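All of the numbers you see were taken from the coordinates with simple rules; none came from a lab. Note that the coordinates shown come from a computational prediction; the quantities given were computed from them, not determined experimentally. Using ideal geometry, Cβ is built from the backbone for each residue, glycine included, and neighbour counts are taken over all protein chains shown.
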Amino acid sequence: MMTKHKMNLFCGMLLLSASLFVEKAQAMFPERYVSEESAARADTINFRLASAGEAKRLIAAKDSYTANWSPFDIAARLENPEGKREDLVSLAVREVREWTAEEAQQIEQTRKNLNDTIRKYGYRIPFPKEIVLVKTTMKDEGGAGGYTRSNWIALTDATFQRGTEASHTRLLVHETFHILTRLNPGFKEKLYRAIDFNILPKEIEFPEDIRKSRISNPDVSRCDSYATFTIDGKPQNCTMIIYTNRPYTTGKFYQYINVGLIPLDESFKPLRESGKTVIYPLQKATDFFDKVGRNTGYVIDPEEVLADNFAVALLNTPNVHTPELQKKVQELLK
């Protein structure tokens, strides 16, 4: 017969085992578990402005983006065929700027407006505790409006010097999407399905010719997505690629940008012909826009397509070209 003491001990062991099981499951599949803290901020986005000192440390830190820079990435961003990795890091650090009081006020008002919108429509979005904002001239990224790494967004110093409040808001929402997909695999997978893209358990391994010609995008933290397109009348799994077809000599790196589709075999490895990786132009996929819609012309990667569609959905942009995609994303955010 089990004594009361043994019964209490047995129950305690069961509770401990259950607790350890949940902790292990949460560690293995974090996207499937929502803590009380994260649930409480599912309708609240928080921006924090980094000082110039903090921003320089963030930009100088090594991560998967900087580790995967190709010689072309470095040369084109420096506008110098002989440029070195350390030169690009130094340039990025030098171009950091301090936020002004006026900019801080504008960003805070934008944050409040966004949170009002999120609550109005009942969206439940897995925001991190905070999203850090860095101010830079963006000279190291060809004068782009913004980009992301880790949990921070870099914005050009010209963002608040020109354009409207609506354009500032749209840019912040677009860049926030990249933070969400980077930190939440479940959220990424769910949203990618809205345009018929699938996420692989590991990144696609590109051959040497693609590693040399691929143009890195800091907002795309993993090359792990594909969709099934119709190529020459037949279904073909393809991943999107941003690449150059010539070595860097002079000019801005965006002058070298090409966008294509790399067909994948049954093991999701890039197909090759005559010793080269096959790259199709987008127009070879007759159903490309049937999948990604026409709410944006920024169709260089599914991540960028969805970032624009996230903004279109969250801000309830009127008169879009593919309203059914807007509605689909809005439903996925609830």
- Message: I'd like the trypsin sites (Lys or Arg not before Pro) in segment 240-312 restricted to DSSP loop residues with at most 16 other Cβ atoms within 10 Å, sorted by number.
- Response: LYS252, ARG294
- Tally of Lys pairs whose C-alpha atoms are under 20 Å apart, taken over segment 197-297, 8 or more apart or cross-chain: 9
- Task: Taking DSSP loops as anything outside H, G, I, E and B, show the longest stretch in the chain free of GluC sites (Glu not before Pro) there with at most 10 other beta carbons within 10 Å.
- Result: 83-265
- Note on the structure: Under 5 Å from the placed amide H of ARG149, counting only residues 5+ away or on other chains, we find ALA154
- Distance in nm between label sites at THR317 and SER167, each 7 Å beyond Cα in the beta-carbon direction? 1.4
- Item | Computed FRET value (nearest 0.05) for ALA104 with ASN68, which takes r as the C-beta separation and R₀ as 25 Å | 0.15
- Over segment 81-228, what is the percentage of antiparallel beta bridges among all DSSP beta bridges, to the nearest 5? 65
- Task: Provide, for q = 0.08, 0.14 Å⁻¹, the log10 of I(q)/I(0) from a solvent-free Debye sum over equal Cα point scatterers in the chain.
- Result: -0.44, -1.22
- Message: More than 20 angstrom separation, counting every C-alpha pair in segment 197-297; what % is that?
- Response: 40
- Note on the structure: Contour minus Cα-Cα span, GLU130 to GLU189, at 0.36 nm per residue, comes to 19.0 nm
- Message: Treating segment 40-189 as a set of equal point scatterers at the Cα positions, no solvent, please give the Debye-formula log₁₀ I(q)/I(0) at q = 0.12 Å⁻¹.
- Response: -0.53
- Task: Describe numerically, in nm with one decimal, the distance between label points set 7 Å from Cα along Cα→Cβ at GLU79 and at SER274.
- Result: 3.7
- Message: Please list, short to long, the whole-number percent of alpha-carbon pairs of segment 60-130 in consecutive 10 angstrom bins beginning at zero.
- Response: 15, 27, 21, 28, 9, 0
- So how much slack lies between ASN115 and ARG48, counting 0.36 nm per residue of separation and subtracting their Cα-Cα distance, in nm? 22.6 nm
- Taking a point 7 angstrom from the Cα of THR230 along the C-beta vector, which residues in segment 289-308 have backbone N less than 18 Å away? 289-294
- Helix hunt in the chain: which complete DSSP H runs extend at least 24 Å axially by C-alpha with mean Kyte-Doolittle at least 0.5? 4-28
- Query: With each label point set 7 Å from Cα along the Cα-Cβ vector, what nm distance links ARG57 and ASP196?
  - Reply: 4.7
- Of all DSSP beta bridges located in the chain, what percent are antiparallel, nearest 5? 75
- Item | trypsin sites (Lys or Arg not before Pro) within segment 60-104: DSSP coil, no more than 14 neighbouring Cβ in 10 Å | LYS62, LYS84
